[in-house]
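Trainee: This structure is in structure tokens; I'll ask about it shortly.
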Amino acid sequence: MEEIKVDLGERSYKILVDNGNLKDIGKVLKDYHLGKKATIITNPLVGNLYQDMVKDSLVKEGFEVAIARVPDGEEYKSLEWASKLYDELLEHKRDRYSFILALGGGVIGDLAGFVASTYMRGIPFVQVPTSLLAQVDASIGGKVAVNHPLGKNLVGSFYQPKLVYTDLAVLKTLARRELIAALAEVIKYGIIKDREFFGYLEKNIDEVKTLRQDVLKKIVAICTRIKSELVSLDEREEKGIRSIINYGHTIGHALEVLTKYKIYRHGEAVSIGMVAAAKIAQRMEILNKEGERRQVELLERAGLPTKVKDVDPLGIIKALSRDKKVQEGRIRFILATEIGKVETRDDVPPEIIKEVLQEITENSER
Ligand SMILES: NC(=O)c1ccc[n+]([C@@H]2O[C@H](COP(=O)([O-])OP(=O)(O)OC[C@H]3O[C@@H](n4cnc5c(N)ncnc54)[C@H](O)[C@@H]3O)[C@@H](O)[C@H]2O)c1
Ligand SMILES: [Zn+2]
């Protein structure tokens with residue numbers, strides 16, 4: 001089992017990366033002083049696969065366990081469902097000596113974390129991320145939130161879990177599209193922070209896609225370590241350190257908004273956003289052609305989209321200027337200067353953004 005620490009003073013916690021031992025999670029949790037009353041928050045898809053295993057293991061170690069289920073889908077990451085969860089916690093007489101266990105992907109993790117952060121002014125919570133995206137990204141760093149009709153993640157806070165327990169074996173049941181989409185974030189870590197890791201992915205991307213266990217273990221551990229480091233240095237994303245994680249997200253997010261979150265999985269939009277960022281950097285002559293080519297090629301080989309279909313590039317620009325990353329009218333981009341290094345720029349010439357968006361849009365009139 002790998003152990004990675006998120007270093008945040010008294011809010012520090014461990015991320016355990018295990019393989020096939022979810023059935024023994026009760027034993028692990030016993031050492032964490034979480035209280036005896038557990039509430040597992042999950043959804044029907046993940047719940048049917050894993051909730052009994054987790055529950056049995058907790059019961060065996062003397063925990064009292066309740067299960068609360070939320071329907072599967074981003075639209076249920078809402079205040080309305082948070083409120084229903086408060087009702088259930090109260091019904092089960094959960095008090096400040098109880099804890100929440102989030103069993104699911106990023107949607108469950110964000111929602112359960114939000115509920116944990118507010119119920120009785122905050123009760124402990126444990127993340128058990130079951131999607132690749134949640135394992136390498138969403139479960140780490142304490143951003144918890146629900147969506148608002150006017151936008152994603154608009155209501156939330158920073159609230160760190162007491163432990164993140166990752167079991168790689170659960171990825172076997174994850175839908176292929178979800179797995180591939182998360183690879184965008186995995187590749188992102190290489191581009192922003194770790195040239196050697198990027199090279200490793202170039203060599204092993206096919207093995208990642210077939211879930212070869214040793215490769216999977218390595219990539220989840222490395223991504224986890226990179227995110228943990230960034231969070232430890234800049235928990236609240238105030239120092240421009242953690243924010244490099246938003247590489248590819250400027251245009252990616254605009255694309256998601258423009259297509260109303262219906263066409264692209266988040267990682268797919270980020271993949272296109274990273275292609276755009278690479279091309280912008282290349283045109284600004286801060287990245288060489290080879291650096292651009294390697295990014296695009298690896299994303300393609302991972303099975304991710306690198307072009308936009310049937311979307312008006314000007315629409316993307318409009319959506320961009322409404323983004324929260326815009327400060328005083330300037331759009332902020334994270335750009336790679338080489339594989340493994342990025343910088344934040346707000347001086348990208350608008351013509352370059354336009355040219356690049358036209359270049360990556362299929363069926364665009366040129
Ligand atoms: N807090 C953060 O720092 C952070 C970072 C990135 C993303 N997020 C949030 O994460 C969410 C996206 O997370 P996601 O991509 O995991 O989506 P998700 O939670 O919707 O999971 C994707 C799908 O996979 C299913 N699933 C999960 N684990 C499975 C398993 N082991 N076997 C079979 N099916 C499984 C889910 O039920 C769902 O249908 C978004 O709401 C996003 O805002 C948060
Ligand atoms: Zn992302």
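Trainee: Just to confirm the number: angle between the C-alpha axis of helix 176-193 and the first principal axis of the chain, 0 to 90 degrees, nearest 10?
Mentor: With both axes taken from Cα atoms, the answer is about 70 degrees.
Trainee: Same structure, new question: Lys93 to Met53: FRET efficiency via 1/(1 + (r/R0)^6), r the Cβ-Cβ distance, R0 30 Å, to the nearest 0.05?
Mentor: 0.75
Trainee: Evaluate the distance, in nm, between pseudo-label points positioned 7 Å from the Cα of Gln358 and of Glu10 along their respective Cα→Cβ axes.
Mentor: With each label placed 7 Å out from Cα toward Cβ, I get 5.8 nm.
Trainee: In addition: For the stretch 108-124, in order, what is each residue's ³J(HN,Hα) by Karplus, 6.51 cos²θ - 1.76 cosθ + 1.60 with θ = phi - 60°, in whole Hz (x at glycine and Pro)?
Mentor: Result, ordered by residue: 5, x, 5, 5, 4, x, 4, 5, 4, 6, 10, 5, 6, 6, x, 10, x Hz.
Trainee: Shifting gears a bit: How many nm separate the modelled label positions at Thr118 and Glu61, each set 7 Å beyond the Cα in the direction of the Cβ?
Mentor: About 2.9 nm separates the two model spin labels.
Trainee: Determine the shape class of the stretch 257-366: with a ≥ b ≥ c the square roots of the Cα gyration tensor eigenvalues, call it rounded for a/c under 1.5, and otherwise prolate if a/b is greater than b/c, oblate otherwise.
Mentor: rounded
Trainee: Would you work out if the stretch 161-216 is rounded, prolate or oblate? Take a ≥ b ≥ c from the square roots of the eigenvalues of the alpha-carbon gyration tensor; rounded if a/c is under 1.5, else prolate when a/b is larger than b/c, oblate otherwise.
Mentor: Oblate.
Trainee: Amide H to amide H, which residues 5 or more places from Phe125 or on other chains are under 5 Å from it, using H placed in the peptide plane?
Mentor: The answer is Ile100, Lys162.
Trainee: Rounded to the nearest 0.05, what FRET efficiency is calculated for Asp24 and Glu238 with R0 set to 35 Å and r the Cβ-Cβ distance?
Mentor: 0.35
Trainee: How large is ³J(HN,Hα), in whole Hz, for each residue of the stretch 289-294 in order, when computed from phi with the Karplus curve 6.51 cos²θ - 1.76 cosθ + 1.60 and θ = phi - 60°, using x for Gly and Pro?
Mentor: 4, 4, x, 5, 4, 4
Trainee: Treating the angle as unsigned and between 0 and 90°, give the value, to the nearest 10°, between the Cα long axis of helix 350-360 and the longest Cα principal axis of the chain.
Mentor: On a 0 to 90 degree scale, this one is about 80.
Trainee: When a/c reaches 1.5 or more, the comparison of a/b and b/c decides; with that in mind, is the stretch 2-173 rounded, prolate or oblate per its Cα gyration tensor?
Mentor: rounded
Trainee: I need the phi-derived Karplus couplings for the stretch 79-92: 6.51 cos²θ - 1.76 cosθ + 1.60, θ = phi - 60°, integer Hz, Gly and Pro marked x.
Mentor: 4, 4, 6, 4, 5, 5, 5, 4, 4, 5, 4, 5, 4, 8
Trainee: Still on this model: Mind giving me the FRET efficiency for Lys36 and Lys84? R0 is 25 Å, r the Cβ-Cβ distance, nearest 0.05 is fine.
Mentor: So, using R0 = 25 Å, E works out to roughly 0.55.
Trainee: How far, in nm, would the chain grow between Lys262 and Arg293 when pulled straight, counting 0.36 nm per residue and subtracting the alpha carbon separation?
Mentor: In short, 8.3 nm is gained.
Trainee: Once the Cα atoms of helix 195-209 and of the chain are each reduced to a long axis, what angle between those two axes, in degrees from 0 to 90 to the nearest 10, is obtained?
Mentor: Value to nearest ten degrees: 70.
Trainee: Using 0.36 nm per residue of separation minus the Cα-Cα distance, give me the extension gain between Thr337 and Lys209 in nm, one decimal.
Mentor: 43.3 nm
Trainee: Averaging sequence separations of C-alpha pairs under 8 Å and six or more residues apart, then dividing by the length of the stretch 177-362, give the relative contact order as a whole percent.
Mentor: Value for the stretch 177-362: 28 percent.
Bear in mind that the values in this text are calculations on the coordinates, not laboratory data. Nothing here was measured: the structure is a model prediction, and the numbers come from that model. Here Cβ is always computed from backbone atoms with ideal geometry, including for glycine, and neighbour counts include all displayed protein chains.
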